[in-house]
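Working notes for the structure below.
The values are calculated or read from the model by the stated rules, or taken from the named source; none is laboratory data. A quick note: this is a predicted structure, and the numbers were derived from the prediction, not measured. Neighbour counts are summed over all protein chains in view; Cβ atoms, including those assigned to glycine, are modelled from backbone coordinates with ideal geometry. Ligands, DNA and RNA are stripped out before the accessible areas are found, and what is left, the full protein with its side chains, is counted by its heavy atoms. Shrake-Rupley method; radii C 1.70, N 1.55, O 1.52, S 1.80 Å.
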Amino acid sequence: MAITRKTVNLDAMIQRADFSIVTNEPQTVQQIPTISLRDLQKDSFLLPNLRKPDFQRETNHWTPEQVASLIECFINNELIPSIILWNSQSYIFIIDGCHRLSALRAWVENDYGDGPISKSFFNYQIEKFQQRAADETRRLIEKRVGLWQHWQTKNQQPNLPPDERRLASGLSTRAFQLQWVSGDADKAEASFFKINTQGTPLDDIEELLISNRKKPCAIAARSIIRAGTGYKYWSLFSVENQKSIEKISKEIYQILFEPELNSPIKTLDLPLGGVAGVRTALSLLIDFLLVANRDQNGYPKNIKDQLDDYSGDESIRVLNNSLRLVKRMTGNDKGSLGLHPAVYFYSPSGKHSVPLFMGMAMLIAKKLVNNDSDFFKKFTKIRKIFEEDLLDHKQLLTAIIQQIRSNQRYEIISKLFDFMITKRLNDKNIRVSDKEIAELCGVKGKFFVGEEKITGKQFSSETKSAVYLKEALDNALRCPVCEGYLDPRKSISYDHSKPRRDGGLGNEENLQLTHPYCNQSVRQ
């Protein structure tokens, strides 16, 4: 099972700046025709003036193969599309070609998301998947084209073989061709969008974030995805608000996306939000932030429904509401249900299911916004059998989810969970049927779940994960209060079997492991 498409994080190679800053100073930068390797070195006069627009997507969409291929094409003097720039009077902005320039600078610096520049940019918090992508890129480049430092050494050798001398000599003169956009910031921004909807276009998530970059949910999503590190899209806020955004974002990131998800699965310590791959995680975060911040009327429905945030106060409110929701789902706070990820958010074969995660998040969020505190007590009463129902129907649910229109999945799964819980509350002995699940999900007729026919002799990652999850859950800890599954790595409370008020002692015999909610809300 492929966990995520491995991409190289080159976001630190070129700084960002506010695209709309305009000064009254006359333009002094000549519209040069090319950018060469010497312009990307530390002592360059041009490099300190190069900027990405503040709304530009992160420079992390290329695979190691794409980075290596670009550098190989450059060395071999093959055709590479022109870089498009715009002079704002303060900086020189890259309208198109940021990945190309970043890849070339990464080669010069030997920094593919893990070097000194990147480490400083990400506050010395380099994720494992980012490190692996950097290592693979470096190996590919060293094998196919050689490190920049090696070429510098070769260029000093007087008796270099003719082919290598030709390449070394070419590196001193080779350059990217430039095109320049004329006009003001509005025209330059229009050019950016026009260019980035052609060739390798912006995907829907990137375009959504760029178009709504001042909205609280967009700011919050971008801050969480990098755990409060990287470029500060919130840098215009007060220092106090910046620190708050970074602190809360880091906490949410750790709860949702740690530990890193590996395949095959060999642990029940699974991240609630699945893989922290930027595109997948951003999509989940946007939906989660909206769900956590909707009022009783379901507003805001979309990011664009929010007002722009110019102080950071709204972004902090969005983050706090989201932290409140996620702490209801897991963690050690008093109200935490301690939902076990393997039970609630993963398929039988170990794939993280965003609809299952968002469906439960939406259900809990609605109960919170409607102040329905009784729901959680009722849920605790039938939690054991609800979780058993969920596991029994997981394969059916996973298959049915694919048949539901994507824009309806979360709402339908949320209503299904509510129905399943309510049915067991009304009569613990009557479980929901396959037919009811299919009908509630809008799937008409008979729905058969078939098993994939295996012809190979090797065990797949899915098979290994499925067997591990089944065996591990069969032997997992359960809460003695509700008899639901415990997630001891993320959410556990130490409870007196015999309450202290009744003379219960603090010895081993009187200690039981429970969900925080069961201990501090049900048992009180």
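Numbers at a glance
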{"read-out": "Lys128 accessible area, assembled protein chains, probe 1.4 Å, Å²", "value": "140"}
{"read-out": "Structure-based [θ]222 nm, the chain - -39500 (n - 2.57) summed over DSSP H runs of at least 4, per residue, nearest 500", "value": "-13500 deg cm²/dmol"}
{"read-out": "Residue list for the stretch 96-112, given a label point 7 angstrom along the Cα-to-Cβ vector of Lys194 and an amide N cut-off under 14 Å", "value": "96"}
{"read-out": "Surface accessible to a 1.4 Å probe, Thr173 within the full protein complex, Å²", "value": "110"}
{"read-out": "Label-point gap, in nm, between Ser235 and Glu411 - each point 7 angstrom along Cα→Cβ", "value": "4.0"}
{"read-out": "Per-selection metrics, the stretch 72-164 (Cα): Rg and Dmax in Å", "value": "16.0, 46"}
{"read-out": "Per-pair calculated FRET efficiency, R0 = 22 Å: Ser283 and Lys128 via Cβ, rounded to 0.05", "value": "0.55"}
{"read-out": "Largest-first principal axis extents of the Cα set of the stretch 369-524 (Å)", "value": "59, 45, 29"}
{"read-out": "Theoretical FRET efficiency, 1/(1+(r/R0)^6), r = Cβ-Cβ of Glu436 and Glu260, R0 51 Å, to 0.05", "value": "0.85"}
{"read-out": "Relative contact order of the chain, pairs being alpha-carbon contacts under 8 Å that are 6 or more residues apart, as %", "value": "13"}
{"read-out": "Simple label model, 7 Å out from Cα along Cβ direction - Asn302 to Ile117, nm", "value": "3.8"}
{"read-out": "Equivalent ellipsoid dimensions for the stretch 136-177 as semi-axes, Å, which come from the Cα gyration tensor, largest first", "value": "19, 15, 9"}
{"read-out": "DSSP-loop chymotrypsin sites (Phe, Trp or Tyr not before Pro) across the stretch 102-131, with at most 11 other Cβ within 10 angstrom", "value": "Tyr124"}
{"read-out": "Potential extension, Arg324-Glu72 segment - 0.36 nm per residue separation minus Cα distance", "value": "85.8 nm"}
{"read-out": "Hull shadow area, averaged, the chain [alpha-carbon convex hull, nm²]", "value": "31.3"}
{"read-out": "Mean projection area, nm², convex hull over Cα of the stretch 171-308", "value": "13.8"}
{"read-out": "Over the stretch 215-286 - Rg/Rh using Cα atoms and the Kirkwood inverse-distance radius", "value": "1.04"}
{"read-out": "Point-charge dipole on Cβ atoms (K/R +1, D/E -1) for the chain, about Cα centre, debye to 20", "value": "860"}
{"read-out": "Flagged links, alpha-carbon separation over 22 Å, of Lys415/Lys435; Lys42/Lys194; Lys214/Lys367; Lys119/Lys247", "value": "Lys42/Lys194; Lys214/Lys367"}
{"read-out": "Cα gyration tensor category, rounded, prolate or oblate, for the stretch 33-87 with a/c compared to 1.5", "value": "oblate"}
{"read-out": "Globularity ratio of the stretch 245-307, using Cα Rg and 2.2 N^0.38 Å", "value": "1.33"}
{"read-out": "DSSP bridge orientation in the chain - percent antiparallel, rounded to nearest 5", "value": "65"}
{"read-out": "Accessible solvent surface per residue of the chain, calculated while the other protein chains remain in place, 1.4 angstrom probe, Å²", "value": "49"}
{"read-out": "Sites Lys187 and Glu207 - FRET efficiency at Förster radius 22 Å, r taken between beta-carbons, to 0.05", "value": "0.70"}
{"read-out": "Accessible carbon and sulfur surface of the chain relative to its total accessible area, %, 1.4 Å", "value": "48"}
{"read-out": "Listed residues Leu178, Leu10 arranged by accessible area, highest first, probe 1.4 Å", "value": "Leu178, Leu10"}
{"read-out": "Relative contact order [Cα under 8 Å, 6+ residues apart], the stretch 29-153, whole percent", "value": "27"}
{"read-out": "Three-way shape call for the stretch 104-222 based on the alpha-carbon gyration tensor, with the a/c threshold at 1.5", "value": "oblate"}
{"read-out": "The stretch 111-143-the stretch 272-311 distance, computed between alpha-carbon centres (Å)", "value": "29"}
